[in-house]
């Protein structure tokens with residue numbers, strides 16, 4: 001079997017979409033560093049002063065949800081820890 005080339009394996013819309021987004025953000029910052037610094041400061045001030053903790057909550061909730069339903073989460077813990085005491089009482 002012939003090995004696949006890397007270009008055949010990648011998800012092209014995701015790769016080129018993220019590459020475009022990365023270049024669309026970084027190139028203007030490289031070309032216009034003074035104006036870019038002002039825009040970055042405005043964005044940081046908006047996120048920290050206007051949104052506060054609200055911008056962190058979706059990430060924290062998503063992370064906790066992934067942990068809960070993973071192998072180390074509460075679903076696995078509940079089945080192991082709640083069954084063991086019941087079996088030892090028999």
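The values are calculated or read from the model by the stated rules, or taken from the named source; none is laboratory data. This structure is a prediction, so every number in the text was calculated from the model and none was measured. Using ideal geometry, Cβ is built from the backbone for each residue, glycine included, and neighbour counts are taken over all protein chains shown.
Does residue 63 fit the bill of being at pLDDT 90 or above and surrounded by 10 or more Cβ atoms within 10 Å (Cβ to Cβ)? Taking the combined requirement at face value, the residue satisfies it.
Taking only the stretch 34-51 into account, find how many residues are over 20 Å from the mean Cα position of the chain (by Cα) and surrounded by 10 or more Cβ atoms within 10 Å (Cβ to Cβ). Let's see the steps before the verdict.
We begin by selecting, within the stretch 34-51, every residue over 20 Å from the mean Cα position of the chain (by Cα); these are 34-42, 45-46, 49-50.
So of that shortlist, the ones also surrounded by 10 or more Cβ atoms within 10 Å (Cβ to Cβ) come out as 35-42, 45-46.
Summing the residues that are over 20 Å from the mean Cα position of the chain (by Cα) and surrounded by 10 or more Cβ atoms within 10 Å (Cβ to Cβ) in the stretch 34-51 gives 10.
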